[in-house]
Amino acid sequence: GKADDTAALQKALDDLWNRESVSKTVLYVPAGTYRITRTLAVKRGKNEHATLGRGLIGEDPEKCVIRWDGAQGQSMILFQPWHARISRLTLDGAGKAGTCLEHDDEFITHNEFSDMVFKDAEFGIKAGRKAGIAETGVIRCRFYRCLRAAISIQNWNSLDWVIWYCYFEDC
């Protein structure tokens, strides 16, 4: 939680998501507090279907925390792959992050966000700012103190979101 872990996490994400031939692989994040100072970008790569089944998965959301220590109002994670998931992490905006998990320019589909904690940011999840994000599951997640919205779906082509068994407090 003291060292800047941004470069190491980004390199691991790039190594996983830039592989064109390997699907159904996971970047496992062991217990610990990871301090980031810039947005982590999870891109879909040149072939949108190359990311099928890939995931960013923490050991346990109570023990695996990614904490924002960057500029006020920025996003922690920009997520753009298809058929992928993020699970078992806490994304802690530390009262400074604009968004814990954001999707922006490219249309994406069939993603899952499960067993996560989103806290102390303006938005927990902000999706579909420009293009749509469809067939997305938010399952067993907890949202604490997301000041503007826990989940903000912003595009007419962002359809079929399933939000199940989630908890919202002070959002």
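The values are calculated or read from the model by the stated rules, or taken from the named source; none is laboratory data. All values derive from a computational prediction rather than experimental measurement. Cβ: placed from backbone, ideal geometry, glycine included. Neighbour counts: every protein chain shown. Protein only, heavy atoms only, side chains kept; ligands, DNA and RNA dropped before computing areas. Shrake-Rupley method; radii C 1.70, N 1.55, O 1.52, S 1.80 Å.
Here are some notes:
- Over the range 87-136, volume per residue of the alpha carbon convex hull, in Å³: 60 Å³
- Taking 110, 103, 83 and ordering them by how much accessible surface each has at a 1.4 Å probe, largest first, produces 110, 83, 103.
- Convex hull per residue volume in Å³, alpha carbons only, for the range 1-124: 91 Å³
- Rounded percent of accessible protein surface that carbon and sulfur make up, the chain, 1.4 Å probe: 50 percent
- Per residue, the range 56-155 exposes 35 Å² of solvent-accessible protein surface, assessed with a 1.4 angstrom probe and all protein chains in place.
- Charge dipole (debye, nearest 20) of the range 22-171; +1 at Cβ of Lys and Arg, -1 at Cβ of Asp and Glu: 320 debye
- Longest exposed-site-free window of the chain, the sites being chymotrypsin sites (Phe, Trp or Tyr not before Pro) in a DSSP loop that have at most 15 other C-beta atoms within 10 Å: 1-155
- Among 163, 141, 1 the positive-end extreme of the charge dipole of the chain (Cβ point charges): 1
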